[in-house]
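Inspection log for the structure reproduced underneath, given as structure tokens.
The values are calculated or read from the model by the stated rules, or taken from the named source; none is laboratory data. It should be emphasised that the depicted structure is a prediction, and the values quoted were computed from it without experimental measurement. Counting neighbours? That spans all protein chains shown, and the Cβs are built from the backbone with ideal geometry, glycine included. Surface areas here come from the heavy atoms of the whole protein model, side chains and all, with no ligands, DNA or RNA. Shrake-Rupley method; radii C 1.70, N 1.55, O 1.52, S 1.80 Å.
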Amino acid sequence: MKKLLLLLFSVLMIFTAACSKDSADTSAKKTKDGKTVIRVVAKDDAPSNPASVKYYDELAKALKKDENVNVEFKLVEVPQGTYAEKLNLLLSSGDIPDLIYFQGGDQQMAQQNLLEDLTPYIEKSKYIKDIIQPHNKERLKNYPYLLWIKPLDQKTPVIRKDWFDKMASSKDLMANPTPDNYYKFLKELVSNPPGGAKKPAYALTAAGDMAEIDAIFKMAFGINQTWLKNDGKYEYYKVSNQQKELLAYYQKLYKEGLLDHQYLTKQWDTKEKAFYDGEAGVITGTNGKVIDLYNSKMTEVNGEQAQLVVLPAAKGEFQGYGATDITKESRGYAISSQSKNKDVVFKVLDYLASPKGQMLDRLGYAGEEYNVVDNKIELTDKYYSEWYARYWEPTNYQPETPLKTPLLSEPATKSQQEVQQYFTKDNSFIIPEKFITNWDAMENLYKEYSTDIITGKRPVSDFDKFVQEWKKAGGDDVTKYANENIK
């Protein structure tokens, strides 16, 4: 029986490897009419999604017309679930598409030399080298495998204007957004609801953890970088007294019903639905286009009077929506080092940075997302409520045909301005491979303790126990490394 099972297992492994090889080898194939087949895997694009198929069909036509690049895109389906995890399973099986969108999990692939160094391609590019922004350049120096030309990605808090205008605490919050004034504002949202007796049920919600809420409060509590100077030495912010005070503040919000008690189980879609339905008063979203989409959906559901107001970052020892990590892009597109079409794939990425490529990626389709009226581009409601750039969004983009209507709504523009105003560089670094296993365990330890403290399962004083456990789990070694290497 054991021999039979071993034989069956061996056959299965050979079959799996063969299937994976067949999948991977499609990157080298061409269609009957000579088109280079480019396999693409991306979070929101799938062969079962008609909008995705249409976009890549239109992109292929534009590439042929404008650059004489003859390609056919094949979208790769990723199973439902956490994208980073499902993508990792796909890639680990040996099925590695030519062009890969990562939202986490890329370092493991880079360490196996499965991702292409993009530096020489960018240096020789026609268009990309001219639209890369300063923070992109810094990140590419440190980690040249991911490309993500977007504005700064900090999140900003928003509330609907009709509620904001009815609140007595709004004026004080805008004039002096201290944590105390924020507390009074959030308290009024729940205790004297501007939306009626039952709305909102809670002031703040988030999707799964407190990272989104940190964007509002972290810097006010003195956490302006990942590694804080304490008595002349660097200390990881999650084991600092500043973090302890922040968790105590969150515990207070949770205890008084200002923070959604279901935030841990919320996903991005249920978080947003709670906002549109009036169950939550304030959520955060990535500045710019995401705030634009929030604004369009909110006014669609609740009327023009419900357009969004961007709230300020809390003000304390520092103020801002968080320091900008320049170690690497946290998400972005990579080219497989195993692809036999690397030059062609980069030509696609470069074309998307060109004026004509940007017309498609940023503005959508003529007659749908925009119309040309009197030689000016007039964006439609569909553009504001549905369209998003799958690839690049340089902040200084101006189409060759002038815009009659702005690319972003007033709240979205305001959110970008706020983030740019408070821009600061972080001092974080890529954790060396020798620490990775311990580091993951240490981060999970923080999640466990911080969640229990916020929800009241543990007293705030247990934070000191966490610090000791964190140090024993490898924190002392990483802290020593930080002090030796942060300049």
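Take every pair of alpha-carbon atoms less than 8 Å apart whose residues are at least six positions apart; their mean separation over the length of region 99-242 yields a relative contact order of 13 percent.
Work out the length of the dipole vector of region 329-487 about its Cα centre, built from +1 on the beta-carbon of each Lys and Arg and -1 on the beta-carbon of each Asp and Glu, and round it to the nearest 20 debye.
On the way: 21 positive and 26 negative charges, 65 e Å.
In total the dipole reaches around 320 debye.
In terms of the Cα gyration tensor, with a ≥ b ≥ c the square roots of its eigenvalues, is region 407-487 rounded because a/c is under 1.5, prolate because a/b exceeds b/c, or oblate? Here region 407-487 falls in the oblate category.
Here are several values of P(r) over Cα pairs in 20 Å bins from 0, in percent: (1) 16, 30, 24, 16, 9, 4, 1; (2) 20, 52, 26, 2; (3) 26, 61, 13, 0. Which one was derived from the coordinates shown? From the options (1) 16, 30, 24, 16, 9, 4, 1; (2) 20, 52, 26, 2; (3) 26, 61, 13, 0, the structure gives (2).
How high is the relative contact order of region 247-394, given as a whole-number percent (alpha carbon pairs under 8 Å, six or more residues apart)?
Working: 87 pairs, mean separation 22.5, N = 148.
This gives 15 percent for region 247-394.
If a/c stays under 1.5 just call it rounded; otherwise compare a/b with b/c (prolate if a/b is bigger, oblate if not). Do that for region 84-190, with a ≥ b ≥ c from the square roots of the Cα gyration tensor eigenvalues. The shape class here is prolate. Solvent-accessible area of residue 289, all protein chains in place: 20 Å² (probe radius 1.4 Å, heavy atoms, ligands and nucleic acids excluded).
Packing, as the average of other Cβ atoms within 10 Å across residues, places the peptides 200-208, 225-233, 72-80 in the order 200-208, 72-80, 225-233, highest first. Give me the net charge of residue 270's neighbourhood, meaning all other residues with Cβ under 13 Å from the Cβ of residue 270; Lys, Arg count +1, Asp, Glu -1. Every neighbour counted, the sum reads -2.
Report the gain in length on full extension from residue 166 to residue 31: 0.36 nm times residue separation, minus Cα-Cα distance, nm rounded to one decimal.
On the way: separation 135, 0.36 × 135 = 48.60 nm, distance 6.17 nm.
This chain segment gains 42.4 nm when fully extended.
Comparing 194, 158, 176 along the charge dipole axis of region 151-213, the residue lying farthest to the positive side is 194, per the Cβ-charge model.
If I take R0 = 41 Å and measure r between the Cβ atoms of residue 198 and residue 396 in this structure, what FRET efficiency does the formula 1/(1 + (r/R0)^6) give, to the nearest 0.05?
Values: r = 45 Å, r/R0 = 1.10.
With a Förster radius of 41 Å, E is 0.35.
Working from label points 7 Å from Cα in the Cα-to-Cβ sense, the residue 469 to residue 261 distance is 2.4 nm.
By the combined test of axial Cα extent (at least 27 Å) and Kyte-Doolittle hydropathy (mean at least 0.0), the qualifying DSSP H helices of the chain come to 2-25. In a fully extended conformation the segment linking residue 476 and residue 365 would gain 34.5 nm over its present Cα-Cα distance, using 0.36 nm per residue.
The count of lysine pairs in region 220-283 that are at least 8 places apart or cross chains, and whose C-alpha atoms lie under 28 Å apart, stands at 18.
Could you grab the relative contact order for the chain? Cα pairs under 8 Å, six or more apart, rounded to a whole percent.
Numbers: 767 pairs, mean separation 96.9, N = 487.
Relative contact order here is 20 percent.
Probing with 1.4 Å while keeping every protein chain in the model, the per residue accessible area of region 360-439 equals 53 Å². One chain, two ends: residue 174 and residue 113. Fully extended at 0.36 nm per residue, the span grows by 17.0 nm beyond their Cα-Cα distance. Put simply, the amide H of residue 38, placed in the peptide plane, has neighbours under 5 Å in 72, 73, 74, leaving out anything fewer than 5 places away on its chain.
Between residue 70 and residue 191, the simple label model (points 7 Å from Cα in the Cβ direction) yields a spacing of 7.2 nm.
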